Amino acid sequence: MESEIEPVIEPVLEVGEFYQLLTARLESAFGRRHPHWVRGEIAKVYEKGHVYIDLVDTGSASTDTKRPVLNTHCWATQWAPIRRNLAEDGVTLKPGLIVSFYGYVDLYAPQGKIGFTITQVDVQSLLGDVARRRLELIARLQGEGLLELNKRVILSPVPLRVGLVASPGTEGYSDFTGQLLNSGYGFDIILQKTAVQGESAPPQIVRAIESLDAHGVDLICLVRGGGSKGDLACFDDERVARAIAHCSTPVFTGIGHTGDESIADLVAHTRAITPTRLGEEIAAIVETWHQRQVKIPAQRILDATQEILDEATEYVAERRRTMIFAVRDRLRAERRHLSSIRTSLITHSRHVITVAEQLLGAKRQLLAAYDPKRRLAQGWSIVTNNRGEVVKTLADVEIGDVVHVSLSDGAFDSSVTEKNGAAS
Amino acid sequence: MSNINDWKQATDELDDIVASFDEGEVSVDDLFVKLERATAIIESLEARLDATKAKVEELAPRLAKVVDVE
C-alpha cells in the first residue's frame, strides 16, 4: 500500500511577522546579548545628539559601489561619555580613521535597514592609529623638507611686532601677553583670535597665520595653554603644519605644558615649552639686541668720553706744569749764565787790576830809583833858572841870572857871575 | 695772536712751544712771547675742556640711564 506524504506547508508571513522573526533570529546571534567587535574604516560621520557613522572595509575604494557598508550609530546618552574619552585622548572620529566598534545588530523595520548600535569604541587601537597617522604626517612633512622650511626664515633682530594666534581670555593668552607687556619693551601685539581646540580650530589657525603673514609682522606666535591631548589635537593638524611651514614669517609656538610636542612645534621656527616661556624667550631676544646694540655701545661711549676727557685734562695739566718748569728752567739757566759771566768778569777784572798793580809797583820802584830826593841826599843839587827849568847846560843860564839851587835839606838862590866850560 | 679754534691745531702749537723749550731754542727775548702764547693756548684748552665736561655732565646721566635701564 502506498502511503502519501503530506506536504509541509510553509506559513506565509506578513512583513511585520517576517521582521519579528528576523529580529528574533538576529538578536539570538547578533543582538544585545551577543555583541560583536567590528572593524572598519569610517566613510561618513554625522552627529546631531546621536552620532551616525558609516563603516566600510578598510582600504576599500569609495568608487566601489558594491563595497559593503555598515550603518552604525551611537545614541546620545551612550555617545557623550565615549566622545569625552576620545577627546581626552585627542581622537576625533572622522572619515579615513580605522576603528573597532563593539555593539549589536538591530533591525529598523520601517526602513528595512539593518543597523549596528555602538556600545564601546576601541580607544587603544584608535590611539595607535592616530599615532601612526601622526608619524606618517611627520615623515611626509620631513620628506617634503617642510620641517626645516620655516626655521630658515630669518628672524628680525628686534621682533617687536608680534602677530599672535590665540584665544583671548585663556590662560595661555594671558601668560604669553603678560610676559611681553611686563618686559618693559614696546611690543606691538597684533591679535588674530581663533579657536584653539576642536574641529573648527585648524582652519581658523591657518587663516590667522596667513592673514598675519600678509599683514607684515616680525614673527607669528601660536599660543595655547595646557590641555588634554584632545584639546591640543588641532596643533597636530596637517593644514596647520603646512601653513606654518610655508609661512614667510618666522612662526614661534608656545603650546601646552612641558612635555607636549605637537607637529606645529616640529615645523615651527622656534618652539617654547609653554606660552609663558615663549613670552620670556621673545623678550630675551629683544633684550639681547638691546644689550648688544644699545646698552654696550652706550657704555662704551660713556667710557670713551671719560677717557678722552681724562686724557685731555691730563694733557693740559701736564703741559701747564711743563711750561712752568720749562720757563723756570730757562730763566734759571739764563741767571746761571749771567752769574757765570759776572763771576768771570769779576775774576778777570781782579786779574787785570792785579797785573796793573804789579806793573805800577814795578814802575813805582823804577821811579823811586830816580827820585831826586835820593840824589840830593847823596849830595847832588838841582839848579833851576828863573823860568823854573832845570839847568842842565851853560846855555840854560846867562851871566847875572839868579838861579835856584835845591839841596836835600833846603834851597837857596845864587847869581851867575861866570860861566866856565868843562873842557876849557 | 691767531685764534685757537681747533684742539689739534692748538695742542700741536703747544707741543712745538714745549719742544722748543726742551731743545733750548728759546732766547730770553722770545721767552715771554712764547710763555704768553703757551698760557693763552692752555687757558683756551682748559676753557674748552670745562665747557665740554659741562656738556658731558649733562648728557652722561641720560646715556647712563640707557645703560642702567632694566
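The values are calculated or read from the model by the stated rules, or taken from the named source; none is laboratory data. Every value quoted in this text rests on a predicted model; they were computed, and no experiment measured them. Reconstructed Cβ throughout: ideal geometry from the backbone, glycine too, with neighbour counts over all protein chains shown.
Condition check: within 8 Å of chain A (Cβ to nearest Cβ), among the hydrophobic types (A, V, I, L, M, F, W, C) and in a loop (DSSP other than H, G, I, E, B). Does residue B:18 satisfy that? Don't jump to the end; show me each part of the working.
Numbers: within 8 Å of chain A (Cβ to nearest Cβ): yes; among the hydrophobic types (A, V, I, L, M, F, W, C): yes; in a loop (DSSP other than H, G, I, E, B): no.
The answer is no for residue B:18.
Summed over region A:408-422, the residues that are exposed (fewer than 14 other Cβ atoms within 10 Å of the Cβ), farther than 16 Å from residue A:389 by Cα and not acidic (Asp, Glu) give a count of 6. Scanning region A:259-284 for residues that are of a type in the set (Lys, Arg) and either surrounded by fewer than 19 Cβ atoms within 10 Å (Cβ to Cβ) or outside the structural domain of residue A:209 (by TED's automatic domain parsing) (or both) yields a single hit, A:277. Of all the numbered requirements in (1) more than 9 Å from every other protein chain (Cβ to nearest Cβ); (2) exposed (fewer than 13 other Cβ atoms within 10 Å of the Cβ); (3) more than 14 Å from residue A:315 (Cβ to Cβ), residue B:24 misses one, and that requirement is (1).
Residues of region A:171-210 that are of a type in the set (Ser, Thr, Tyr) and without any contact (Cβ under 8 Å) to a residue 60 or more places away in the chain: A:174, A:194, A:200. Taking (1) within 30 Å of residue A:294 (Cβ to Cβ); (2) more than 10 Å from the chain's Cα centre (by Cα); (3) not small (Gly, Ala, Ser) in turn, residue B:49 satisfies each apart from (2).
When region A:70-91 is filtered for residues that are among the β-branched types (Val, Ile, Thr) and buried (at least 17 other Cβ atoms within 10 Å of the Cβ), the ones remaining, listed by number, are A:72, A:82, A:91.
Give the residue that is surrounded by the most Cβ atoms within 10 Å (Cβ to Cβ), with candidates limited to residues of region A:110-165 that are in a helix (DSSP H, G or I) and under 32 Å from the mean Cα position of the chain (by Cα). Full working, then the answer.
Filtering region A:110-165 down to residues in a helix (DSSP H, G or I) leaves A:110-111, A:123-143, A:146-152.
In the following step, the residues that additionally are under 32 Å from the mean Cα position of the chain (by Cα) were identified as A:142, A:146-152.
Details: A:142: 13, A:146: 18, A:147: 18, A:148: 13, A:149: 18, A:150: 23, A:151: 15, A:152: 9.
Residue satisfying both the conditions and the ranking: A:150.
Taking each residue of region B:39-62 that is on the phi < 0 side of the Ramachandran plot and looking for partners that are part of a helix (DSSP H, G or I) and among the acidic types (Asp, Glu) with beta-carbon atoms closer than 8 Å, six or more apart or interchain, yields B:41/B:13.
Are any of the residues in region A:259-268 closer than 30 Å to residue A:126 by Cβ, at pLDDT below 90 and either within 10 Å of another protein chain (Cβ to nearest Cβ) or touching a Leu at 6+ places or on another chain (Cβ under 8 Å) (or both)?
The first filter runs over region A:259-268 and keeps only residues closer than 30 Å to residue A:126 by Cβ, leaving A:259-268.
Pick out the ones that are also at pLDDT below 90 and you get A:259-261.
From what's left, either within 10 Å of another protein chain (Cβ to nearest Cβ) or touching a Leu at 6+ places or on another chain (Cβ under 8 Å) (or both): A:260.
Yes, the conditions are met somewhere in region A:259-268.
Can you tell me which condition residue A:46 does not meet? The list is (1) surrounded by 12 or more Cβ atoms within 10 Å (Cβ to Cβ); (2) closer than 15 Å to residue A:115 by Cβ, and all the others hold. Of (1) surrounded by 12 or more Cβ atoms within 10 Å (Cβ to Cβ); (2) closer than 15 Å to residue A:115 by Cβ, only one is false for residue A:46: (1). Scan region A:49-68 for residues that are closer than 16 Å to residue A:102 by Cα, of a type in the set (A, V, I, L, M) and free of Cβ contacts under 8 Å to residues at least 24 places away in the same chain and the total you get is 1.
The set of residues from region A:30-84 being in contact with a His (Cβ under 9 Å, 6 or more places away or on another chain) and within 19 Å of residue A:129 (Cα to Cα) comprises just one member, A:53. Please indicate, with yes or no, whether at least one residue in region B:43-60 is within 10 Å of chain A (Cβ to nearest Cβ), under 17 Å from residue A:326 (Cα atoms), hydrophobic (A, V, I, L, M, F, W, C) and assigned to a helix (DSSP H, G or I). Looking for residues that are within 10 Å of chain A (Cβ to nearest Cβ), under 17 Å from residue A:326 (Cα atoms), hydrophobic (A, V, I, L, M, F, W, C) and assigned to a helix (DSSP H, G or I), one finds none in region B:43-60, hence no. Quick one: would you say residue A:320 is crowded, with 16+ Cβ neighbours inside 10 Å, modelled with pLDDT under 95 and not β-branched (Val, Ile, Thr)? Considered against the rule, which asks whether it is crowded, with 16+ Cβ neighbours inside 10 Å, modelled with pLDDT under 95 and not β-branched (Val, Ile, Thr), residue A:320 comes out as yes.
Would you confirm, using the coordinates I've provided, whether residue A:149 is more than 14 Å from chain B (Cβ to nearest Cβ), under 22 Å from residue A:287 (Cβ atoms) and of a type in the set (A, V, I, L, M)? Steps first, please.
Details: more than 14 Å from chain B (Cβ to nearest Cβ): yes; under 22 Å from residue A:287 (Cβ atoms): no; of a type in the set (A, V, I, L, M): yes.
When the stated conditions are applied, residue A:149 does not pass them.
Looking across region A:69-105, just one residue is without any contact (Cβ under 8 Å) to a residue 40 or more places away in the chain and under 27 Å from residue A:15 (Cα atoms), and that is A:69.
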